[in-house]
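A short worksheet on the structure shown next.
The values are calculated or read from the model by the stated rules, or taken from the named source; none is laboratory data. Remember, it's a predicted structure, so these values are computed and weren't measured experimentally. Note: ideal-geometry Cβ built from the backbone for every residue, glycine included; neighbour counts use all protein chains shown.
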Amino acid sequence: MNRTFRLRWKEKEYVLDLGESSSRLLDPENGWESLLTHYSWTKEEDGSYSLPDGSVALLKSGKLYIHTKGKTFQFSIKGKESSNSEAAQFEIKSPMPGKIIKMEVKPGDKVKKGQTLAVVEAMKMEHALRAGLDADVKEVHSQPGDIVSQDQLLVLLS
Amino acid sequence: MIQKLLIANRGEISLRIQKTCKRLGIKTVAVYSDADKDSPFVKNADESFYLGGSEPSKSYLVIPNILKAVQATGADAVHPGYGFLSEKTEFAKALYQAKVSFLGPRPETVDLMGDKIRSRAAMEKAGVPVVPGYEGDSQEPSVLLKEAERIGFPVMIKASAGGGGKGMKRVFSKEEFLPSLESAQREAGNAFGDARVFLEKYIINPRHIEVQVFGDSSGNVIHLFERECSIQRRHQKVVEESPAPNLDPKIKQKICEVAVQAASSIGYLGAGTVEFILGEDGNFYFLEMNTRLQVEHPVTEAVTGFDLVEWQIRIAEGNTLASLLQGKEPGQTGHAIEVRLYAEDPENEFLPSIGRIELAKFPDQQNLRVDSGVVTGSEVSLYYDPMLAKIIGYGKTREEARKNLIAGLEHTVIFGPVTNVNYLRGILEHSEFVSGHTNTHFLEKHKIEWEEVGEEKEALAKTASFLVSRTVQSSSVWEAVGPKGLWGEIL
């Protein structure tokens with residue numbers, strides 16, 4: 001059985017090459033790899049998996065959560081999602097569910113890299129969304145007062 | 001005697017109050033909003049009452065709705081918890097008028113302490129030290145210089161119309177004062193169109209020390225020792241402990257005495273906290289008084305052995321402090337440290353992280369207390385404070401408490417929203433924290449390391465092994481979702 005999986009963690013993509021009873025972890029950027037021994041995870045009643053050392057894992061909604069040595073890691077395991085693509089820079093999305101409190105641009109505006117485009121507020125905290133490059137504002141999809149969900153497209157640049 | 005208590009709050013504090021009520025045989029009423037209808041605190045209460053929409057302004061902050069809940073359920077007392085209406089004079093007043101027992105001080109006390117200027121004046125009158133300053137009308141450089149000398153250097157010049165650091169200058173000596181004043185006035189004038197400034201003593205490396213006090217209806221006031229709450233991020237407490245580390249016993253005694261003096265002077269009733277700012281030189285000044293139960297009250301409970309919610313109830317019933325103490329002197333035994341577990345992302349400017357909690361596992365271990373408001377399946381919404389739980393470690397010594405707490409954090413699992421759990425551990429493991437050198441600049445000054453080199457490798461290794469074992473054993477998860485659906489592309 002030979003399967004290769006892609007995992008994303010913090011902007012980095014890793015390739016997992018899983019062999020029969022061991023797997024090799026390939027990091028395309030740094031080139032390190034390590035051979036791993038095969039542990040046996042136990043399935044718990046709540047659907048999670050555990051190891052005798054206290055590690056806990058859960059698969060849910062395209063995410064893989066691992067809690068090990070007292071720390072939690074969250075991996076995205078949707079294979080096709082490409083990280084940091086060119087297109088992503090033009091799509092300004094809400095980083096969290098919240099409320100738009102400011103929309104500082106309108107279609108046709110020219111914006112500079114670093115310029116604030118909109119401000120989203122959630123739980124009393126404000127978060128400014130800035131342009132990642134010099135661009136033109138093509139479309140604006142929300143206005144102050146709108147309640148938006150995570151990853152909702154707010155502004156489209158071109 | 002209180003028979004049925006309505007808790008005008010939500011989340012962990014509602015559950016925590018219910019716990020004491022259950023022990024005392026008092027029935028509980030939870031109130032809830034749309035977003036909270038399935039929350040543990042609603043299910044755990046004996047009764048519940050729907051208040052309104054998810055936004056606090058449509059539910060937890062609506063006094064008439066809470067009065068309706070009191071009437072409908074026949075509750076004879078209300079605990080306000082912290083936040084929301086707990087320090088609103090109108091709420092305390094409305095309950096007094098409705099002849100319902102309010103588990104807090106008298107409305108006039110809430111009113112007085114909620115007003116920065118009046119409370120400061122009341123404290124000065126009672127002989128409680130306040131931060132020296134000058135807020136007079138004169139803007140004459142010679143007058144201001146004289147005032148600065150009276151206050152004692154270093155002083156802070158602040159713009160009256162102020163904000164955002166503009167027109168703010170720190171002055172360490174008499175020689176620097178006039179040039180700094182000129183520049184502060186100019187900056188203030190340019191920024192706010194108002195050049196007026198005021199002076200305040202600048203306190204070097206300040207610590208936030210607060211004292212738990214209790215007053216009864218006979219006018220007696222006692223303290224239950226101090227709490228150290230210096231470790232704050234943007235004025236939000238993150239770590240709290242009792243006793244305060246490295247605090248000169250003489251200062252400790254004095255600060256507790258002054259807190260009692262402050263509370264006595266206003267005839268304080270019930271639980272309250274007097275907050276002080278303590279300078280490196282050992283001088284301390286009144287900051288404000290919180291007329292409610294504090295988030296961090298568990299550390300005081302851990303070292304005194306008292307249940308502060310029980311005390312609030314007994315005092316509201318008219319019992320005296322002497323009857324609660326039964327001839328014993330309050331003591332401070334061992335050490336307790338609390339951390340606040342938040343759904344926020346330390347790597348992303350501490351942005352709130354919201355969503356469904358896919359898995360919540362809290363440790364059950366000795367000398368560890370967890371006050372949590374969430375369970376697996378809970379939804380962390382954008383409507384309320386993102387605090388998920390408070391975790392409190394106890395030990396005979398500070399080091400023991402710290403280790404117990406770290407062990408507790410290691411076994412705290414939250415999958416779904418990102419939490420600050422690793423960051424909290426980073427604070428507890430920082431050498432300056434270990435040695436008990438805390439001040440309010442701690443988190444700005446020290447780099448908190450919460451991910452060691454090699455951890456990424458470790459996590460990925462575990463992940464790989466998880467995938468391997470799942471693949472080989474063909475688990476139900478595997479079959480349920482199918483390889484393509486969840487595991488990504490198969491090359």
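Of note:
- Checked against (1) farther than 30 Å from B:ASP115 by Cα; (2) touching a residue at least 12 places away in the same chain (Cβ under 8 Å); (3) touching a Pro at 6+ places or on another chain (Cβ under 8 Å), B:LEU351 passes all but a single condition, namely (2).
- Looking only at residues of segment B:66-123 that are hydroxyl-bearing (Ser, Thr, Tyr) and in a loop (DSSP other than H, G, I, E, B), we find that the one that is surrounded by the fewest Cβ atoms within 10 Å (Cβ to Cβ) is B:TYR82.
- Every residue from segment A:103-134 that is in a loop (DSSP other than H, G, I, E, B), within 14 Å of chain B (Cβ to nearest Cβ) and surrounded by 16 or more Cβ atoms within 10 Å (Cβ to Cβ): A:MET123
- Entry remark, segment B:386-407: residues being surrounded by fewer than 19 Cβ atoms within 10 Å (Cβ to Cβ) and assigned to a loop (DSSP other than H, G, I, E, B) number 2 in total.
- Against the test of being at pLDDT 95 or above, under 25 Å from B:SER435 (Cβ atoms) and within 10 Å of chain A (Cβ to nearest Cβ), the options B:ILE406, B:ILE391 yield a single qualifying residue, B:ILE406.
- Those strands (runs of 3 or more DSSP E) lying entirely in segment B:156-247 with at least 1 residues touching a Cys at 6+ places or on another chain (Cβ under 6 Å) and of a type in the set (A, V, I, L, M): B:207-215
- Any chance B:ILE231 is surrounded by fewer than 19 Cβ atoms within 10 Å (Cβ to Cβ), modelled with pLDDT of 95 or more and β-branched (Val, Ile, Thr): no
- Test: B:GLY436 is modelled with pLDDT of 95 or more and over 28 Å from B:GLY83 (Cα atoms): yes
- Apart from one condition, B:ASP281 fits all of (1) assigned to a helix (DSSP H, G or I); (2) of a type outside the set (Lys, Arg); (3) at pLDDT below 95; the exception is (1).
- Among all positions in segment B:274-295, there is at least one residue which is closer than 21 Å to B:VAL78 by Cα, in contact with a Pro (Cβ under 7 Å, 6 or more places away or on another chain) and either in the same structural domain as B:PHE214 (by the TED database) or surrounded by fewer than 22 Cβ atoms within 10 Å (Cβ to Cβ) (or both).
- Check on B:ILE337, crowded, with 17+ Cβ neighbours inside 10 Å and either within 8 Å of another protein chain (Cβ to nearest Cβ) or over 27 Å from A:SER48 (Cβ atoms) (or both): yes
- Candidates in segment B:350-385 are the residues that are away from chain A (no Cβ under 12 Å) and part of a strand (DSSP E or B); of these, the one that is nearest to B:SER54 (Cα to Cα) is B:SER372.
- If the condition is being closer than 24 Å to A:SER61 by Cα and charged (D, E, K, R), then segment B:362-396 contributes only B:GLU379.
- Whichever residue in segment A:47-64 is at the interface with another protein chain (Cβ under 7 Å from one of its Cβ atoms) and part of a loop (DSSP other than H, G, I, E, B) and, among such residues, is surrounded by the fewest Cβ atoms within 10 Å (Cβ to Cβ): A:GLY54
- Test result for B:GLN212, polar (S, T, N, Q), touching a residue at least 60 places away in the same chain (Cβ under 8 Å) and either surrounded by 15 or more Cβ atoms within 10 Å (Cβ to Cβ) or under 30 Å from B:GLY318 (Cα atoms) (or both): yes
- Flag for B:VAL260 being touching a residue at least 60 places away in the same chain (Cβ under 8 Å) and more than 30 Å from B:SER180 (Cβ to Cβ): no
Residue-by-condition table, conditions (1) at pLDDT 95 or above; (2) outside any loop (DSSP other than H, G, I, E, B); (3) of a type in the set (A, V, I, L, M):
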{"residue": "B:VAL295", "(1), (2), (3)": "yes, no, yes"}
{"residue": "B:GLU301", "(1), (2), (3)": "yes, yes, no"}
{"residue": "B:ALA322", "(1), (2), (3)": "yes, yes, yes"}
{"residue": "B:GLY331", "(1), (2), (3)": "yes, no, no"}
{"residue": "B:VAL339", "(1), (2), (3)": "yes, yes, yes"}
